[in-house]
Structures are given as C-alpha cells and as structure tokens.
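S.K.: My questions all concern the structure below.
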Amino acid sequence: MTAYFIQASIYLLAAVIAVPIAKRLGLGSVLGYLIAGVVIGPIAGLVGQETQTIQHFAEFGVVMMLFLVGLELEPKMLWNMKTKLLGLGGLQVGLSTLCIALIASLFIDQWTYALAIGLIFSLSSTAIVLQTFNEKGLNKSEGGKSAFSVLLFQDIAVIPMLALIPLLAISALSGSPTVAEDAHHGYSLVDGLSSWAYAIVVLSAIAIVVVGGHFASRPLFRFVAASGLREIFTASALLLVIGIAAIMSLVGLSPALGTFLAGVVLANSEFKHELESTVEPFKGLLLGLFFITVGAGIDFGLFSSMWLTVLAATAALMLVKFGILYVLATIFRIKNSDRWLLSLSLAQAGEFGFVLLSFSVQNSGLPDDISKLLALVIAISMFLTPLLFIAFDKIILPRFELNTNASQEEDAIEDSAPVVIAGIGRFGQVINRLLTSNGIPTVVLDRSVDQINLVRNIGIKSYYGDATRHDLLHTAGIEQASLFVVAIDESELAIELVNHVSHTYPHIKILARAYDRRDGYALRQAGAHHVVFESFYSALELGGQAMQEIGFHPFHVEQLKQNYIDTEQKHDSSLYDMWQKAQGDSTMMQHYRLLFIKLEELLKESMKSGREDKHDSSHQSWAPPPKNYLKELRED
Amino acid sequence: MTTKKILLLFAHPAQGDSEVNKTLFSALKKIDNITAVDLYAEYPKFHIDVEREQQRLLEHDIVVFQFPLYWYSSPAIIKEWQDLVLEYGFAYGKSGDKLKDKTLFILTSAGAQESAYQTEGLNQYPLRELLRPFEQVAHLCQMHYIPPLVLFGARTAKEDGRIEPHTKKASALFNALSDGSLTHESFGDIDLSNHYNNANTTNKNNEV
C-alpha cells in the first residue's frame, strides 16, 4: 500500500510542478505532462516498469475524451461532416499507410512488417491534438474541424486494423496464432462464433448503446438527479462511460467508438452540460497520466545508441504525414492558415500507435527490436507536436492574420455568441422566447429536473445543471457567451452567482432579475450591469389599467406611468448610495428609510404634470401657449 | 470666420432597411464640431427629455434634421420633438428668443425623382414648397434657414452608385458650415433641393 502512495505522489508531484510551468511558458499542458514523465522516468529513475501497466489504464482517458467529443457533436453535425470524415480521413489513413509502408519496405525485407508499420504510423494523436485545440480555442476553426474529422476516422479505423494485424502475422510466420490470441483475449463474448453470429452480436451491441443511450439513460439520470445527491450523479455518469466501454470490449469493438456513439446520442439531452462537467476532471487526469507514461517510457539507452536512426525516422515520418495532409487540404479547398493548422497538427504518430504496437508484438506481427524503435519514434513525434503548435502560433498565424480578421468580422453577426440564461421559470422563459424567436442562440440552465422536463415538453431547449456551480458554467460555454442573464428565484444564490461571474469573466455583461429593491441593489453591488425588479413593470401596467378604469385618458395614464419611472430612476442612485452606506453601518438604515419616504413625496410631486407650475421638471406636457400669446408675437 | 457647432438630429425608424441615411449619418458623425443624435435610439419610446434637448440647442449654432421623406414630411419623432422641445417662452413668444440667429437645415432623401417634385409632376409641388412648415418654424423661432439638401431617387441610389458622391457632397457642406466658410447668407436664392445638383455652392460662396 505504501508503495502505491509513494508512486502516486511522485506522479502527481511531477504533474503539479511541470504542467503549470509549461503552461506559463506557453508550451501547453501536454508538453508539460510529457516533460514531467521524462523527468521522473528516464532522468531521475523514480518510476520504472509499472508505467506500461499504468499506460493501459490511462488510455481510458482517451475513451472519456471521445465521450465528451461526442457530447459536443449532434447527429446532424456528424452527418454534415460525412464528406470530410470519409474523404479526408479515409484518404489520409490510406495514403499515409501506403507511403510509410513503401518507405519502410526499403529497409525491412518482410512486407507484412512494413505494412504494420504503415498502419501504426498512419494514426495521429487524438489526445494531444484535441486537448491542444481546446486550450487554444481552435475547435471552431476550419482547420480544427477538418483535423477533428480525420482524427475521428482514425479512431474508427483502429477497429479493422486490430483485426488485420493478426492476419498479417499469419502470412508472415504461418505459425499458429492461436497461442497469442489466447493470451490477449481474457473475456470475450465473441470467441469461437461464426462470422454471421459475430456480426449479429456486434450490431446488437451498437444498438444497445444507441437505443439504451437514447431511451434508458434519461429516466435513469432524471431519477438520480431528483435525489439531489451529487456523488450519485457522478457515479452514474461514470457507470455510463465504463459500462459502454465494457460492452464494447466484450464484443471486440473499440471502447472509444462506443462511448463516442453514446456521446452523440446524448448530445441533445438535457443532461449534456452536467455530464460534461462531471466526466471532464476524470478525463483530464487520466489523459495527463497517459502523457506522463509516454514521457516516462522513452528508452534513453536505445536512443543514445541509435539516435541517428531514430531522429531520421521521426523526421521522415512527420514530413511524409505533413506532405500528404497538405496535399489533401489543398484538394479539399482548406485555405490559408487552416491548411497549415491541419497539416502541422496531425503530423505526429499517436497513442493508438502504442496500442497497435503492443498488439502487434503479442500477435507476432512485429519483432520486438523493431517495436522498441517504433515506440521511440512515436514518443518523439508526440513530443515534437506541441512545438509544432508553437511554430504555428508564432510563424504561420501572423502571416495570415489580416485575412482571418477580415472574415471573422463578417461571421460575427451571422454566428453570434450565445446568451447564457440561468433559470427557466416564468421569468426566464419570456426572455428566452424573445431572444430565440429573434434568432439569438441561448444556452438555458436550470437546476430543477421537473422544470427542465416541463419546458422541454413545450420545445424549449434547456439543460439540467446548477448554474451556481462554477464548472458547469464553464462547460455551458460562459467564456464565449455574449451575455449572462440571471433569472433564478433564490436571491442569495443569484447574488453569489453574479459575484462569481463578474469577477471571473469581467468581459461578460450581466443582466439580473431582482426580487425587490434591496435585492436589486445587492445584485448591482455584486456586479450586475442591468437589474430589473421583477414585479415593477407588471405592477405599473396594472396600476395604469386601474387609472384608466377610473376615467383617466389612456394617453395621459401613459405619461403618468412614464413620470413614475423617471422619478424612480432619477433618485435611484442616491438611494443606492445610501443603501451601500447602510450595509456597513446600521445607523445609516434610518437615513435610507427617510430617503425612501422622500421618494414617495417626489413621486406625488412628479404627477402634477404641466410645465407652467413646475418649470424645473423635464416631463412632457404639450402645454399650450398662454391665451394672449398672439398679441406678444405681433409686438415682436 | 468662427467655428460653428452643429447639432445633427437624425430620425429613421427602420434603420435595418436604410440604404442612404444610415451610411450618411455615420459619415457625418465623424466630422469635427458635430453632435450626432439618433433620435429613435435615444427615445425609443418617444419619451423625449425636453430639458436635455433644449440644453443641446443652446450649445449649438446650427440645427440639422436628417431623415428620409415620409409622406412629404419627416418621420413622426421629429414632429414629436418639435411639439415638445420648441416651447413657448423658449423658442417663441414672450422671452422666447433662445434660438435667435441660429440656423436650421434639412437633410433628406426622397424616393421619387426630381422630376416628380414639379408643378407638372406627380407630387405637384417642388420639395422646398412641401417642406415650408420647417421653414416657418425657423422663421417663428427667429432662426435662419438653409434650403434643404435632398437626394432624389433614393430607392435606386445604391444601384446607381450615387450614395458615395452624395455622402461626400454632404460632408463637404457640413465641413464648410462647421468651419464657418459657408453660412446661411452664402445661399441667397439658391434652392438646394431642386437646384443644388447644378449649382456649385462653394464657388458661389467664394464669389460672395
């Protein structure tokens, strides 16, 4: 037990120190984890053989990441991507495999080895690339979206590759592959099934994920969320991801593919943001751990003896992949900086390369000495990727900056940032309807499952989640929001929420609904830019109606209502000042009350319309000139 | 020649559809010594702050109404503005001389061609005649009046590429008014609305 604690402490300490430093130096968190791994592994020798075991465990971070990626991707968007997914992705994997295999065959006699190397190297690192896109905000760029299509195709392509590699081994050795297979498959539902039965099992597993994800998960989450226990929600989110991974593994499919599908199915669900914020920390930690193990796994002994070969192979690999991507990007009309982004970001080999590598060795698809060399090449190419991103930022982007700025300005109106609305009660609903019916995108959050159910039934797209929780606001996309509207009932929570948002995201304008005057002042003090007392305008409306019923002329009533609002606004700032003083000093409360009473009198005063008797007023009156004014005019 | 301060009061209730006036307004905004006011933006509920508007009038020498022509006159908010701001005792009547010797000027755009604004034309009157109420307001308030500057055929101005030259012409006029090289006296009998297109006012000014 003690050994575990010590090991865990070493890993965590390395990450805690290296990652913030790397981030501060602009290297990105991925490079930070890699460096941490190198330090505790090959350099200091603090960790050893167990890194391989940990790596297999940490690969689960990729599975979680694909679940999160799926959550962000609605089925409709996936369908829209089909050309890029199949065209760009398919060609990238096909051409890269072919080119790399051809080059490899120059050095290795066995063509099956060359093909295996081609397959392993054709894949890029989903983990590094998506994590970096996320950090740099490149997800929505044309290059980012194209890179994502390619990565998605690669992740799917892993499955047939896993099937192909044992076949290569058979033709290579013509020995008995069953021994190796037995060693690999611990639990499996599909061993020894005929091919049609296998197909049925696979299809039904996918059906379980899709149908179950769509119909069964919602009642489950609703049931769990209604209990109000945070940790049980976390448990059920993990159950969903791990359960799907288990089903997929049992039938010999990629767990990453399964969770990705489940994510897509749940992309429209009201629990989307809650799931994201729950799974996100697990994913981050596991991926971090994964990168550390990659760093720790670098074999410096081998490197120092064969450094020329390794570096030449790495350079060749990245150059070939870059070249193919650049040509494909040109064919697919990806322009300017986006073409560079796509080609540079995917030039490395990836974590699935490690998976395929160990699988190949187990199945005798590759000899051990080549595999060690290949692992080094993969690791170094991953290591270089963050540097390529820095090169992109510092060298490529400045060259295209003018172009992108011009096009961004045009996009701004069409693709405006969403308004985040906290609370979808009666108040929030009106705001949401007004905005959405004018084509303004909104992200609606409410912490009552019943309320979400209610408004989802009438077609309002909304998400379950407590907006006062900071991580949820983050996953709901508050950083990119144009406005933040607070329409939740609990005034204490609303004040706290406004306080948090105004301090953490000072660039976002906050509009808040207040219960009453004091509540409104507290919200304003907390940093709300615009506050409306919830009952003020409706009360004024009904009051005006009462005046009309009594016999006042409707247009006159309208003016009087406006006078009321004006007087309020005119004295609002002095009342607010007094309220602020009274907050720190209870003796000032008396002054606040007096000021409030004075406002009452001023209101009465302001209702005497007509400017003859009130020359200092600024109210409208359409006052006629005096009866004898024509005489004066003639005198002039 | 002393510098003049210009108050530009712009009224357009449907700026999303504006092809001429919005462009013109944003160009004029940038000229020195201009206070540009979008009346529909400041008073979306027509609740005009009379005191503030009167104060603005006191601080400026030249008052300009800019609007697209609606039913041979201005959009409603300019009428509302006049009804409320030009009070007895301020703009006219006993001690109502606060606007004395200031200048009023109309900058407008009309859908029909100039030929329609003729005695024989579809609209029966030259535009200057139709805008006489503004001229009389100026007269009662003891203000000077510069004949209106009009862009005719405004519905097709964009397609004909006439917006830019018109904007340039208006900007030049405003610059000249602001630096004092052009005053109400420069115009004499020139009717800007129906003849400005042919007459070169700046030259005329030099002759004066």
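S.K.: Among A:ASN80, A:GLN55, A:ILE117, flag the residue with its Cα farthest along the positive direction of the charge dipole of the stretch A:22-127, charges on Cβ as +1 for Lys/Arg and -1 for Asp/Glu.
M.R.: A:ASN80
S.K.: Equivalent ellipsoid semi-axes for the protein assembly as shown, as square roots of 5 times the alpha carbon gyration tensor eigenvalues: give them largest first, rounded to whole Å.
M.R.: 71, 35, 24
S.K.: For B:GLN82 and B:ALA41, what does the FRET efficiency come to when R0 = 22 Å and r is the distance between their Cβ atoms, rounded to the nearest 0.05?
M.R.: The calculated FRET efficiency here is 0.75.
S.K.: On to the next question. When a footprinting reagent is the concern and you count Cβ atoms within 10 Å, what order do A:PHE536, A:PHE148, A:PHE223 take, fewest first?
M.R.: A:PHE223, A:PHE536, A:PHE148
S.K.: Which peptide among B:31-37, A:504-510, B:65-71 comes first, and what is the full order, when sorted by highest mean count of other Cβ atoms within 10 Å?
M.R.: B:65-71, B:31-37, A:504-510
S.K.: Which peptide among A:335-341, A:601-607, A:353-359 comes first, and what is the full order, when sorted by highest mean count of other Cβ atoms within 10 Å?
M.R.: For the peptides A:335-341, A:601-607, A:353-359, the packing ranking is A:353-359, A:335-341, A:601-607.
S.K.: Another question, if that's okay. Assuming R0 = 51 Å, what is the FRET efficiency of B:SER171 and A:SER204, from their Cβ-Cβ distance, to the nearest 0.05? Could the numbers behind the result be given before it?
M.R.: On the way: r = 74 Å, r/R0 = 1.45.
Approximately 0.10, to the nearest 0.05.
S.K.: My understanding is that a pair violates if its Cα-Cα distance is over 22 Å; which of A:LYS82/A:LYS136; B:LYS22/B:LYS79; A:LYS570/A:LYS604; A:LYS570/B:LYS94 do that in this structure?
M.R.: Cα-Cα > 22 Å for A:LYS82/A:LYS136; A:LYS570/B:LYS94; rest within.
S.K.: If you don't mind, another one. Rounded, prolate or oblate for the stretch B:6-207? Axes are the square roots of the Cα gyration tensor eigenvalues, ordered a ≥ b ≥ c, and the cut-off for rounded is a/c under 1.5.
M.R.: Numbers: a/c = 1.41, a/b = 1.25, b/c = 1.13.
Rounded, since a/c falls under 1.5.
S.K.: Quick check: residue separation of A:ALA235 and A:ASN453 times 0.36 nm, minus the Cα distance between them. What number comes out in nm?
M.R.: Net length gain for the segment: 76.3 nm.
S.K.: For the stretch A:419-606, what does the alpha-carbon gyration tensor say about shape, rounded, prolate or oblate, given a ≥ b ≥ c as the root eigenvalues, a/c under 1.5 as rounded, and a/b over b/c as prolate?
M.R.: oblate
S.K.: Now for a different question. Between B:ASP160 and B:GLN118, 0.36 nm times their residue separation minus their Cα-Cα distance comes to what?
M.R.: This chain segment gains 12.9 nm when fully extended.
S.K.: A further question follows. When only C-alpha pairs under 8 Å and at least 6 residues apart count, what is the relative contact order of the stretch B:1-112, in percent?
M.R.: Dividing the mean separation by the residue count of the stretch B:1-112 yields 33 percent.
S.K.: Mind giving me the nanometre distance, one decimal, between the label points for B:THR23 and A:SER195, set 7 Å out from Cα along Cα→Cβ?
M.R.: In this crude label model, B:THR23 to A:SER195 measures out at 6.8 nm.
S.K.: Also, I was wondering about something else. Compute the helix-to-body angle for A:111-122: its Cα long axis versus the longest principal axis of chain A, expressed 0 to 90° and rounded to tens.
M.R.: Once rounded, the angle reads 10 degrees.
S.K.: Pairs B:LYS4/B:LYS98; A:LYS140/A:LYS272; A:LYS631/B:LYS45; A:LYS631/B:LYS102: which exceed 26 Å Cα-Cα?
M.R.: From B:LYS4/B:LYS98; A:LYS140/A:LYS272; A:LYS631/B:LYS45; A:LYS631/B:LYS102, over 26 Å: A:LYS631/B:LYS45.
S.K.: Using the count of nearby Cβ atoms within 10 Å as a rough guide to exposure, how do B:HIS144, B:HIS12 rank from fewest to most?
M.R.: On the way: B:HIS144 17, B:HIS12 23.
Final ranking by Cβ density, sparse to dense: B:HIS144, B:HIS12.
S.K.: Going 7 Å from the Cα of A:MET77 toward and past its Cβ, which residues in the stretch A:259-280 have a backbone nitrogen under 16 Å from where you end up?
M.R.: Counting backbone N atoms under 16 Å from the label point, the list is A:260-277.
S.K.: Rounded, prolate or oblate, given the Cα gyration tensor of the stretch A:569-608, with a/c below 1.5 counting as rounded?
M.R.: It is oblate, given that a/c is not under 1.5 and a/b is not larger than b/c.
S.K.: Could you give the nm distance between label points at A:GLN548 and A:TRP622, where each point is 7 Å from its Cα heading toward the beta carbon?
M.R.: Simple spin-label model gives 1.6 nm for this pair.
S.K.: I'd like the orientation of helix A:90-107 relative to chain A: the angle between its Cα long axis and the longest Cα principal axis, in ° from 0 to 90, rounded to 10.
M.R.: 30
S.K.: Now for a different question. About the Cα centre of the stretch A:2-403, how large is the charge dipole given +1 on each Lys and Arg Cβ and -1 on each Asp and Glu Cβ? Please answer in debye to the nearest 20.
M.R.: That gives a dipole near 1160 debye.
S.K.: Could you put B:GLU159, A:GLU135 in order, starting from the residue whose Cβ has the fewest other Cβ atoms within 10 Å?
M.R.: Final ranking by Cβ density, sparse to dense: B:GLU159, A:GLU135.
S.K.: Just how large is the dipole of the protein assembly as shown about the Cα centre, in debye to the nearest 20, putting +1 at every Lys and Arg Cβ and -1 at every Asp and Glu Cβ?
M.R.: 560
S.K.: Sticking with this one: May I ask which residue of A:ILE510, A:MET578, A:VAL30 lies farthest towards the positive end of the charge dipole of chain A, with charges of +1 (Lys, Arg) and -1 (Asp, Glu) on Cβ and the Cα centre as origin?
M.R.: A:VAL30
S.K.: Still on this structure: Where in the stretch B:48-77 does the amide nitrogen come within less than 14 Å of the point 7 Å from the Cα of B:ARG132, taken along Cα to Cβ?
M.R.: none
S.K.: With label points built 7 Å along Cα→Cβ from the Cα atoms of A:LEU13 and A:PHE555, find their separation and express it in nm.
M.R.: Once both label points are built, they end up 8.3 nm from each other.
S.K.: Let me ask something else. Which FRET efficiency value, to the nearest 0.05, is calculated for A:ARG218 and A:ILE108 with the Förster distance at 45 angstrom and r the Cβ-Cβ distance?
M.R.: Details: r = 53 Å, r/R0 = 1.17.
E between A:ARG218 and A:ILE108, to the nearest 0.05, is 0.30.
Just so you know, all these numbers are worked out from the coordinates, no wet-lab data involved. Treat the numbers as computed from the prediction; the structure is a model and nothing was measured. Every residue, glycine among them, receives a Cβ derived from its backbone with ideal geometry; neighbour counts consider all protein chains shown.
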